[in-house]
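The block underneath contains the structure these notes are about, expressed in structure tokens.
The values are calculated or read from the model by the stated rules, or taken from the named source; none is laboratory data. These figures come from a predicted structure and were not determined experimentally. So basically every Cβ, Gly included, is an ideal-geometry build from the backbone, and we count neighbours across all protein chains shown.
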Amino acid sequence: MSTAKPERAPKPTDMPTDTPPHKPKQRRSSIARHWQASDARALSQLAVQATLGVTEMVQGVHQSVWRRLGLAKPEQTQASGISGLVFRSVKGGTKLVGLGLDMMLRGLEPWLAQSLAGPVSSPEREAVLAALNGVMGDHLQASNNTLATPMSLRWQGQVLQETPQSWPAAAAVQGKVLLLLHGLCMNDLQWRPPGDKQLHGGHAQALCDAGGMTPVFLRYNSGLHISQNGHLLASQLELLCRRWPRAIDELQVLAHSMGGLLLRSAYQSALSQGMLWPARLSRVYFLGTPHHGAPLERAGNWIDVLLGSSSHSAPFAKLGQLRSAGITDLRYGNLLDSDWHGQERFARRPDQREHLPLPARVDCFAIAATTAAKRSPLAERLIGDGLVPLSSALGEHEDPARCLHFAPERQWIAFRTGHLALLHDPAVTKQLLLWQG
């Protein structure tokens, strides 16, 4: 007869520490560190507005069908009778729910602030906010949503404000400044190469080390009109020249994508107001800037027109019209208020923008990219870097009066390279350093 003792059932304390019951808690903790207390209110506002928008769309389809059947007058946009009562009830109820949620979450913010205590923000959260602002930043600002990104200049992650305390000491900076401007749906943190823990690296660090410059980064709401951001940037740079702890002898700019259009718009705004900083601007490096627009936005405009051509599909055209003013400005590369003011953003029309040449007496350089292995008519017109054609990035136009005339020695093409890869490609860094001298 065996004397072996029966195996003891494992106690809870014997269980491994990485068993499934612990995983949900880890996930909640990981997600929570990317949230702020005010985000819940801001997201609830977006949800309510989205519900109201969908209700309007459904009502539009309903009225379109009824007009086709002769049951509604052509000018009647709102449903009547029982249908009208249903739509009004849904919208009224949604607004009441929205007000209730807003009041409740406002009261919960102090508790949420303690529960979500941690860093002020995280790179992941900032990347999501940048994308959201790029797609609908004009709507966020118009509705006073706290997710809207205000424009700010940043040095070593610190926002430079009117107050003297926010500015660095003179010993910590140079009299030469490199300003870095990000593109649509992006932010200043994305200039860092993947895995780089420094506040700046890649192109910024290489150019600053070679030229004895201090990097200053811009963060902005890329969903606003380019000219609106241009006015704001012009004022920010004038503040920089007044408040910088050392006299700024030289200002250089490295701009990616929409950031290049923003700089050109700000320069024109500053000239019209007699500002001082344009005299300090010595050179601008454009990386994949759509000087003459991007075909994808023009394709989006065609979708608006096609959907609006039928009474049945017209209500769905509103889906395409959710995209921001910043995106629609990329159709042709609008830079001035007059390019869009008083115009229907989603109407199909030819390129009527006022032509702006490159900044006078400023050394301007253009780097374009293509995913193709070599230049060809097909690669230049249809491929480009995936978002911007070569001709647009190089300032070329079929109308000679609209060409930007970058000097041949100040143009460079990155082959087998995509639009976003321009931010960190070592070959791009090498070319920038060759131009920097």
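Computed values, structure above
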{"read-out": "Tally, over region 148-172, of residues that are touching a residue at least 12 places away in the same chain (Cβ under 8 Å) and among the β-branched types (Val, Ile, Thr)", "value": "1"}
{"read-out": "Qualifying residue in region 180-203 (condition: aromatic (Phe, Trp, Tyr) and under 20 Å from the mean Cα position of the chain (by Cα))", "value": "yes"}
{"read-out": "Boolean, Ile327 is outside the structural domain of Gly211 (by TED's automatic domain parsing), modelled with pLDDT under 90 and among the aliphatic types (A, V, I, L, M)", "value": "yes"}
{"read-out": "Within region 298-324, considering residues that are at pLDDT 60 or above and assigned to a loop (DSSP other than H, G, I, E, B), the one nearest to Gly260 (Cα to Cα)", "value": "Ser324"}
{"read-out": "Number of the exception - Asn144 against (1) surrounded by 15 or more Cβ atoms within 10 Å (Cβ to Cβ); (2) not assigned by TED's automatic domain parsing to the domain that holds Arg264", "value": "(1)"}
{"read-out": "Residue in region 236-249 that is of a type in the set (Asp, Glu), touching a residue at least 12 places away in the same chain (Cβ under 8 Å) and buried (at least 20 other Cβ atoms within 10 Å of the Cβ) present", "value": "no"}
{"read-out": "Of all residues making up region 407-428, the number that are of a type in the set (Val, Ile, Thr) and more than 23 Å from the chain's Cα centre (by Cα)", "value": "1"}
{"read-out": "Test: residue in region 173-188 that is free of Cβ contacts under 8 Å to residues at least 60 places away in the same chain, among the acidic types (Asp, Glu) and surrounded by 20 or more Cβ atoms within 10 Å (Cβ to Cβ)", "value": "yes"}
{"read-out": "Any chance Ala266 is under 26 Å from Leu233 (Cα atoms), surrounded by 20 or more Cβ atoms within 10 Å (Cβ to Cβ) and modelled with pLDDT of 95 or more", "value": "yes"}
{"read-out": "Where a residue in region 269-298 is free of Cβ contacts under 8 Å to residues at least 40 places away in the same chain and its partner, wherever it lies, is in a strand (DSSP E or B), with Cβ under 6 Å and at least six apart", "value": "Arg280/Leu251"}
{"read-out": "Residue in region 201-221 that is over 18 Å from Leu432 (Cα atoms) and without any contact (Cβ under 8 Å) to a residue 24 or more places away in the chain present", "value": "no"}
{"read-out": "Boolean, Leu404 is more than 23 Å from the chain's Cα centre (by Cα), touching a residue at least 40 places away in the same chain (Cβ under 8 Å) and buried (at least 19 other Cβ atoms within 10 Å of the Cβ)", "value": "yes"}
{"read-out": "Number of positions in region 250-286 that are hydroxyl-bearing (Ser, Thr, Tyr) and part of a loop (DSSP other than H, G, I, E, B)", "value": "1"}
{"read-out": "Flag if Ser222 is within 21 Å of Phe286 (Cα to Cα) and of a type in the set (Ser, Thr, Tyr)", "value": "yes"}
{"read-out": "Region 277-297 - residue that is modelled with pLDDT under 95 and of a type in the set (A, V, I, L, M) and, of those, nearest to Ala368 (Cα to Cα)", "value": "Ala294"}
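To keep it simple, each residue is scored yes or no on (1) at pLDDT 90 or above; (2) surrounded by 13 or more Cβ atoms within 10 Å (Cβ to Cβ); (3) touching a helix residue (DSSP H, G or I) at 6+ places or on another chain (Cβ under 7 Å); (4) within 19 Å of Val284 (Cβ to Cβ).
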position: Pro350; (1), (2), (3), (4): no, no, no, no
position: Leu358; (1), (2), (3), (4): yes, yes, no, yes
position: Thr370; (1), (2), (3), (4): yes, yes, yes, no
position: Ser392; (1), (2), (3), (4): yes, yes, no, yes
position: Gly395; (1), (2), (3), (4): yes, yes, no, yes
position: Pro426; (1), (2), (3), (4): yes, no, no, no
position: Gly437; (1), (2), (3), (4): no, no, no, yes
